[in-house]
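Below is one structure; the comments refer to it alone.
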Amino acid sequence: MKIKICAMLLLCACFLSCKEQSDEELFNKFVQRQSSSVDEFLLLQTADTCPPESLDKDYQRIVGHHENDVFLFEKAKSEKETRWCIPLLSCPLTEGDLAICMLIDMYKMSDDYFESVMCKDIKRKANSAADFWAYVHESKENRSKAIQNIMEWKRLYTSSEILVPWTEEEVLNHSFELISDTEIESFSFKRNSEGVLVTTCSYGTKDKFETYPIEYWRIDGCYLYVYPYTVTSKAGGIKIAKLKIDRESNILYGYRNYKKVMYKYSENPSGGI
């Protein structure tokens, strides 16, 4: 009997030792990791700094499980400091910062989205990731905004909606007018006498003065770019993606800088500006 009891205890011990850790247990183990020296910090490696296959194994395991992100979004709020850091940042990363990094890598956030949405309200100094973390650490409100933007990216990443490429015929000599209770935005797309693609624009809110600048536009695959200079990078302008044009109702359904919008869609008389 004693032999059987010992055998059972041994089997239980082996089972417990081989039991697979949950993602939350792995996360806690990862963030609580210490360097060999008390005074040293651990350098965080993420998918934007090195190949995914060379990342820490626990890190890889966590970001590979998309269905278990609830605890990461909750952890993203944490301001508890860790021994992890990134270059150029004067303070250590918090548990929340690590969760944010994991969510960004989990949903393969594009550089374009990071620059145009995540860093939209940030005053760039070092022009690096340190600017983003300094913004997040500035207030709970900033951290909440960053988390909300990641949730929006997750919704786009996991959406079954398919973006449809633009054609020049759908844009040239057409107008878009944003359907909104508060915001004003409209475009009238033309080709000027010199052959340059230009648009008259209006921006503002229902209770404020509107502006009508002349800007420029181009099509790049699934995206229509509106920007203030003849030569510019994609970042900094307006990016409109098309889901569908309902020609019976004259409504364009799409995304404006990754936010879902609707525009009144109409055809203008042809001609230059």
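Structural remarks
- Candidate set: region 31-52, residues that are of a type in the set (Val, Ile, Thr) and touching a residue at least 12 places away in the same chain (Cβ under 8 Å); chosen: the one surrounded by the most Cβ atoms within 10 Å (Cβ to Cβ): Val31
- Scope region 68-87; condition over 24 Å from Ser144 (Cβ atoms) and open to solvent by 70 Å² or more (accessible area, probe 1.4 Å); matching residues: Pro87
- Residue in region 228-238 that is of a type in the set (Gly, Ala, Ser), part of a strand (DSSP E or B) and either crowded, with 18+ Cβ neighbours inside 10 Å or at pLDDT below 85 (or both) present: no
- Residue under evaluation Trp217, criteria (1) assigned to a loop (DSSP other than H, G, I, E, B); (2) at pLDDT 95 or above, criterion not met: (1)
- Total residues in region 182-203, condition small (Gly, Ala, Ser) and surrounded by 15 or more Cβ atoms within 10 Å (Cβ to Cβ): 3
- Residue check, Asn142 under 13 Å from the mean Cα position of the chain (by Cα) and surrounded by 14 or more Cβ atoms within 10 Å (Cβ to Cβ): no
- Helices (runs of 4 or more DSSP H) (entirely within region 106-211) containing at least 3 residues that are of a type outside the set (Asp, Glu) and at pLDDT below 95: 129-138, 140-157
The values are calculated or read from the model by the stated rules, or taken from the named source; none is laboratory data. Treat the numbers as computed from the prediction; the structure is a model and nothing was measured. A quick note on method: Cβ atoms are made from the backbone with ideal geometry, for glycine too, and the neighbour counts reach across all protein chains shown. What goes into the accessible areas is simple: the full protein's heavy atoms, side chains included, and nothing from ligands, DNA or RNA. Shrake-Rupley method; radii C 1.70, N 1.55, O 1.52, S 1.80 Å.
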